Amino acid sequence: MGAVVAVVAIVAVLVIVGISNNSGSGPLRQPAPQAAVQTITNVPDVVLTSAASKISNLYPAVPGVTGALNSGGKPELLYIGAEFCPFCAAERWPLIIALSKFGTFTNLQQTHSAVTDGNVGTWSFYGATYTSKYLTFTSVENETNTSQPLQQPTAAQQKIWTTNETKYLGQGGSYPFIDIGGKYLMLSSQYTDSIVFNKNFSTILGTVGSNNNTVGASIDAAGAVMTKYICDVTGNTPASVCKTFSGVNAPIANTSSGGNSSSTSGSSSGASTATTAAG
């Protein structure tokens, strides 16, 4: 029973079910301006680690349950999300910051979550590519911001998605799903998604790298923590990155007692208590 309560506190109020009836309308995606890409992919390490030392209420990762995840001889980070999803919209910002410490994106897109589901300015991985010597990044944008089918996971990806989410949420098919090398899972946005509701792309971008406001500090801190999770599955390579982030507290939820929870739709709120940290 205790494990059920613990997992519920961590993720049950943080997830968004994969089918939304409140998608609204609005334009789909467009190529992101190069200046915006330069900003999000070059946030200084010291800015990120400083934010992580100030923001202590990020939602923790949970342990993966399907074993190591590799592709092309490298650890793989698997992202499954949807463009309508506000949790996904919030989490793409720190995810891009972190992944840019290990490799290079091309053709990132600009979009927003569904107009009636947060209307959060964000990025899309649809059509983008990522190259890295240290890990493989695989993205599946399952639905558009009007809840139309977009990309489908493979059978293997679907099994990983369903098995892990069933363990923690009692069912599969919720967004976002981020599997970090099979070791850690992120089943929601790391910070409360409502702080970016009804903020457009340029407004949110303008906060990145600026730790003097809640939005910027939360995104930067989440980027630092995600970098630490990734370092833990790449064997702390590249050393030039991972040494810098070695002191970042990357919370891992304590789920050692086993048990499942039930998933709940709705906005993330509050913060959970983690008892361990990555690395």
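For residue 54, go through the aspartates and glutamates and keep the ones whose alpha-carbon is under 13 Å away, minus same-chain ones fewer than eight residues off.
The qualifying aspartates and glutamates are 220.
By how many nm would the segment from residue 212 to residue 146 grow when fully extended, if each residue of separation counts as 0.36 nm and the alpha-carbon distance is taken off?
Working: separation 66, 0.36 × 66 = 23.76 nm, distance 3.39 nm.
Roughly 20.4 nm would be gained on extension.
Determine the percent antiparallel among the DSSP beta bridges restricted to segment 2-252, to the nearest 5.
Here the antiparallel bridges make up roughly 75 percent for segment 2-252.
If the limit is 20 Å between Cα atoms, which of 101/228; 167/228; 133/243; 101/133; 183/228 go over it?
Details: 101/228 11 Å; 167/228 24 Å; 133/243 17 Å; 101/133 11 Å; 183/228 13 Å.
Violating the 20 Å limit, Cα to Cα: 167/228.
Can you check what the net charge comes to around residue 135, using other residues whose Cβ is under 13 Å from the Cβ of residue 135 (Lys, Arg +1; Asp, Glu -1)? Before the final figure, lay out the partial values.
Working: positive: 74, 101, 133, 183; negative: 76, 179, 232.
Taking every other residue near residue 135 into account, the sum is +1.
Roughly how far apart, in whole Å, are the Cα centres of segment 198-255 and segment 69-87?
Cα centres, segment 198-255 to segment 69-87: 17 Å.
Starting from the 7 Å offset along Cα-to-Cβ, what nm value, one decimal, do you get for the label separation of residue 166 and residue 133?
4.1
When Lys and Arg each count +1 and Asp and Glu each count -1, what net charge do the other residues less than 14 Å away from residue 241, Cβ to Cβ, add up to?
+2
Quote to one decimal, in nm, the extra length available between residue 243 and residue 71 on full extension: 0.36 nm per residue of separation minus the C-alpha distance between them.
Details: separation 172, 0.36 × 172 = 61.92 nm, distance 2.45 nm.
Going from the current span to full extension adds 59.5 nm.
When the dipole is taken about the Cα centre of segment 87-243, and only Lys, Arg (+1) and Asp, Glu (-1) are charged at their Cβ, what size is it in debye, to the nearest 20?
On the way: 9 positive and 9 negative charges, 91 e Å.
The dipole of segment 87-243 has a size of about 440 debye.
Be a star and scan segment 114-141 for residues whose amide nitrogen sits under 18 Å from the point 7 Å along the Cα-to-Cβ vector of residue 45.
133-135
Calculate the translational D of segment 2-252 in whole µm² s⁻¹ from Stokes-Einstein, where the hydrodynamic radius comes from the Kirkwood formula applied to all Cα pairs, the temperature is 20 °C and the viscosity 1.002 mPa s.
Values: Rh = 17.7 Å.
Rounded, D is 121 µm²/s.
No lab work stands behind these numbers, since they all come straight from the coordinates. From a predicted model like this one, the values you see are computed outputs, not experimental measurements. Here the Cβ is made from the backbone with ideal geometry for all residues, glycine too, and neighbour counts use every protein chain on show.
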